[in-house]
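The values are calculated or read from the model by the stated rules, or taken from the named source; none is laboratory data. Fair warning: this is a prediction, and the values are worked out from it, not measured in the lab. Every residue, glycine as well, gets a Cβ built from its backbone with ideal geometry; the counts of neighbours run over all protein chains shown. Please note that ligands, DNA and RNA were not included when accessible areas were found on the heavy atoms of the full protein model with its side chains. Shrake-Rupley method; radii C 1.70, N 1.55, O 1.52, S 1.80 Å.
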There are 2 protein chains.
Amino acid sequence: MNASRTARERVRAELIREITDIARRRLATEGAGGLSLRAVARDMGMVSSAIYRYFPSRDDLLTALIIDGYNAIGEAVETADAACARDDFTGRWLAVCHAVRTWALDHPHEYALLYGSPVPGYQAPEDTIGPASRDTMVYGRIISEAQAAGRLNPPAMCPAPPGLLSSDADAVRSVMPGVSDDVVARGVVAWTGLFGMVNFELFGQFNNVIRHRRELFEHNMLCLAALLGLPA
Amino acid sequence: MNASRTARERVRAELIREITDIARRRLATEGAGGLSLRAVARDMGMVSSAIYRYFPSRDDLLTALIIDGYNAIGEAVETADAACARDDFTGRWLAVCHAVRTWALDHPHEYALLYGSPVPGYQAPEDTIGPASRDTMVYGRIISEAQAAGRLNPPAMCPAPPGLLSSDADAVRSVMPGVSDDVVARGVVAWTGLFGMVNFELFGQFNNVIRHRRELFEHNMLCLAALLGLPA
DNA sequence: GCTCGTCAAGAGCAGTGCTCTCTTTTTGTG
DNA sequence: CACAAAAAGAGAGCACTGCTCTTGACGAGC
């Protein structure tokens with residue numbers, strides 16, 4: 001009986017996988033707003049109402065895609081980091097930056113779903129926050145390990161962070177242990193700077209202005225690395 | 001005849017203004033995806049088809065809102081900058097940062113329309129690129145004037161920008177004349193860093209992590225000011 | 001006064017998310 | 001093996017969307 005129940009479960013899981021695959025493909029061509037359950041159903045030769053057996057609403061399908069997306073970019077970042085020498089902290093940071101940018105360029109609509117404007121009327125459920133931090137955890141580990149190795153020497157240029165921020169710094173330190181409030185703040189600058197750069201490129205703010213985007217990106221990420229105090 | 005034609009034109013212009021006002025109000029509550037011409041028409045006691053006399057398509061209405069939005073944030077940035085002493089370059093930068101952030105928090109959906117993911121299926125027409133750079137021009141002027149006043153002393157920490165980037169730097173220098181390639185690159189870092197920070201706050205990446213957002217924002221913008229070489 | 005352009009109004013098309021009912025298929029159990 | 005229960009598919013239907021087309025009224029210029 002366990003096997004038979006698994007049989008049904010298996011075809012169900014298979015269908016769910018197929019639905020998300022088709023939805024992802026449609027997402028890539030039409031964008032998040034053009035994602036329609038009816039169209040997905042049509043693509044699989046299913047009647048529109050049947051799809052509600054698998055995803056009770058459009059938002060649930062969206063949630064599945066978001067979780068998959070976070071896991072995909074998280075995995076991309078993890079493998080990029082893993083390919084570097086452990087003590088090449090700047091190289092690891094740069095690899096993470098390029099992994100984020102490359103994944104974003106390869107999956108623009110999925111990236112927009114994760115880091116762009118929230119889909120109107122859609123509220124991200126709790127299930128997304130776990131996968132959502134996979135990439136950030138890799139980043140935090142790099143900083144922490146650089147700190148622990150004594151290779152993190154942030155140049156004295158930023159003002160001291162206001163003491164008010166130490167409680168927030170504690171929260172950040174859960175993914176980036178062992179660093180000072182100052183490094184936490186710089187860490188947020190670099191991390192948001194990375195995504196700010198990717199957003200500008202992807203969302204069109206660089207159109208007709210910046211042509212050598214990869215080069216500028218890499219150079220700017222090195223600037224942020226210097227701000228972080230990673231070795232040159 | 002000129003007066004009468006003007007009379008007609010006047011009521012037409014008045015209606016267009018009313019439509020965009022209502023659309024903006026709906027945008028604020030429903031978001032870009034929920035912007036519906038029929039709903040706007042209903043709000044003004046108009047039959048849905050009549051609205052197409054004024055905006056031939058939903059995208060045209062969106063374009064109008066985008067242009068208005070760029071002008072609004074541009075104006076906010078301009079007045080914030082104008083309120084500062086001309087030679088307080090760091091203060092002007094900080095004022096610009098806060099103006100962007102405050103405007104974004106006050107008009108989240110409009111901001112998302114401008115700096116968030118592009119609306120699927122919507123292609124921004126040429127008319128938007130002028131107003132789109134109002135805020136950037138203020139920013140560029142601050143950097144240029146600081147440079148001209150000899151108050152821009154970027155700390156030696158970034159690597160030299162690759163020569164490949166000098167053509168892109170020329171393009172950027174059209175809004176930020178008189179600065180080196182190095183300053184151009186740092187300028188892009190700071191500008192994208194500003195919007196990266198605002199995006200993270202607005203799009204939810206700081207949820208459950210950062211509580212003192214204004215304080216962290218200001219501190220981080222000061223870090224970026226230091227990276228730019230603005231006086232402390 | 002008549003014509004012509006502008007506008008409001010309505011019907012209609014194709015599409016959407018989602019719900020309901022009805023039927024078929026599959027499954028675990030007496 | 002037969003049968004009730006659970007799950008899935010199919011279809012109709014509701015209220016909504018953007019957009020088009022036609023019809024009829026109104027006002028300005030010849």
**Complete:** If we ask which residues in the range A:167-179 are open to solvent by 10 Å² or more (accessible area, probe 1.4 Å) and within 21 Å of the chain's Cα centre (by Cα), their number turns out to be 6
**Prompt:** Would the range B:153-166 turn up any residue that is away from chain A (no Cβ under 11 Å), at pLDDT 95 or above and surrounded by 20 or more Cβ atoms within 10 Å (Cβ to Cβ)?
**Reply:** no
**Asked** If you check every pair at least six apart or on different chains, which have Cβ atoms under 6 Å apart with a residue in the range B:31-51 that is farther than 12 Å from B:LEU15 by Cα first and a residue that is in a loop (DSSP other than H, G, I, E, B) second?
**Response** B:GLY31/A:PRO120; B:ALA32/B:VAL119; B:GLY33/A:PRO120; B:GLY34/A:PRO120
**Checking A:ASP106 against (1) in contact with a Lys or Arg (Cβ under 7 Å, 6 or more places away or on another chain); (2) modelled with pLDDT of 95 or more, the condition it does not meet** = (1)
**Asked** Taking the range B:95-115 as the region of interest, how many residues are surrounded by fewer than 22 Cβ atoms within 10 Å (Cβ to Cβ) and at the interface with chain A (Cβ under 10 Å from one of its Cβ atoms)?
**Response** 1
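With respect to B:ALA80, determine if the residue is among the hydrophobic types (A, V, I, L, M, F, W, C) and farther than 20 Å from B:ALA124 by Cα. If you could, list the steps in order and put the result at the bottom.
Values: among the hydrophobic types (A, V, I, L, M, F, W, C): yes; farther than 20 Å from B:ALA124 by Cα: yes.
Spelling it out, B:ALA80 is indeed among the hydrophobic types (A, V, I, L, M, F, W, C) and farther than 20 Å from B:ALA124 by Cα.
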**Item:** Conditions (1) open to solvent by less than 30 Å² (accessible area, probe 1.4 Å); (2) touching a residue at least 40 places away in the same chain (Cβ under 8 Å); (3) facing chain A (nearest Cβ under 9 Å); (4) part of a loop (DSSP other than H, G, I, E, B); number of the one not met by B:GLY204
**Value:** (2)
**Request:** Give the range A:142-174 a look and list any residue that's in contact (Cβ under 8 Å) with a residue 40 or more places away in the chain, outside any loop (DSSP other than H, G, I, E, B) and of a type in the set (D, E, K, R), or say none.
**Result:** A:GLU145
**Fill in**
Note on the range A:180-190: residues more than 8 Å from chain B (Cβ to nearest Cβ) and either buried (at least 22 other Cβ atoms within 10 Å of the Cβ) or in contact (Cβ under 8 Å) with a residue 40 or more places away in the chain (or both) are A:VAL183, A:VAL184, A:GLY187, A:ALA190
**Request:** Looking only at the range A:123-137, count how many residues are assigned to a loop (DSSP other than H, G, I, E, B) and surrounded by 17 or more Cβ atoms within 10 Å (Cβ to Cβ).
**Result:** 2
